[in-house]
Each structure stands twice: as structure tokens, then as C-alpha cells.
1. For region 72-94, what are the residues that are of a type in the set (A, V, I, L, M) and over 12 Å from the mean Cα position of the chain (by Cα)?
2. Starting from region 81-93, keep only residues that are closer than 18 Å to Gly106 by Cα, then list their pairs with residues that are surrounded by 13 or more Cβ atoms within 10 Å (Cβ to Cβ) whose Cβ atoms are within a distance under 6 Å, requiring at least 6 positions of separation or different chains.
Amino acid sequence: MARPRTPMLSVSGIRTAALALVDRHGLEGLSMRRLAQELDVQAASLYSHYRTKEDLLADIANEIMAEVDVSGFDSGDWRRGLTVWARSYRAALAAHPNLVPVVAAGPGRRE
């Protein structure tokens, strides 16, 4: 079968579908095979975008943590900055509680 002219997969689309699976079924519910079924592709197609499931999970965690608001520190008031950051951090984790173990096991500082 020939490769389609329009790519069927994007890194963003893979992350979105994987996060939805984790949100619905937990970390144990995510496998590359199950994700491929969700995206209606072969599992091997995913590996051209992500080497391993762990790489995919790390990328998802980075994306979630990138949403954490750190703008409160710009004012110079560390208490305000910490409050804004903590509330935003909690909201990000509360939105995706099944991903907490991945975030907690990752590097102390994400991109």
C-alpha cells in the first residue's frame, strides 16, 4: 500500500489521542497498539514519531507542564508568584490526574 499524500499522523495528534486514553483508562490503559487503534493506523506508524511509549509520555508531561502559569514571578513578589504558580500547577495536575506519576517521576525541571 502506498503512503498517503496527506500525513495521517502528527505529533500533536498523537499526543492528544494518547492523553485522552490516559485520562479515560489510566497509564496502564495506554499502549502503542491501543493508541494506533484509536488513531486508525498501524502501531509501527507511531514509532516514526516516538521511539518509545516513555518518550511519548514525557512529551505529554512537558506539554501539560508548559501550561503552568509562571507569570506571577514577573512582578518581583515571590509570594504572589508562588501562589499563582501553585494554583496553576494544581489545576494542570487536577485536569489529568492519571498523568501525575509521569510528571512526578520526570526531571525536576521541564522545558
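1. Here is the first cut: in region 72-94, the ones of a type in the set (A, V, I, L, M) are 82, 84, 86, 91-94.
Leu82, Val84, Ala86, Ala91, Ala94, listed by residue number.
2. Every condition considered, the pairs that remain are Tyr89/Val68; Ala92/Ile64; Ala92/Val68; Leu93/Val100.
Each value in this text was obtained by applying a stated rule to the coordinates, not by laboratory testing. None of these values were measured; they are calculated from a predicted model. Counting neighbours? That spans all protein chains shown, and the Cβs are built from the backbone with ideal geometry, glycine included.
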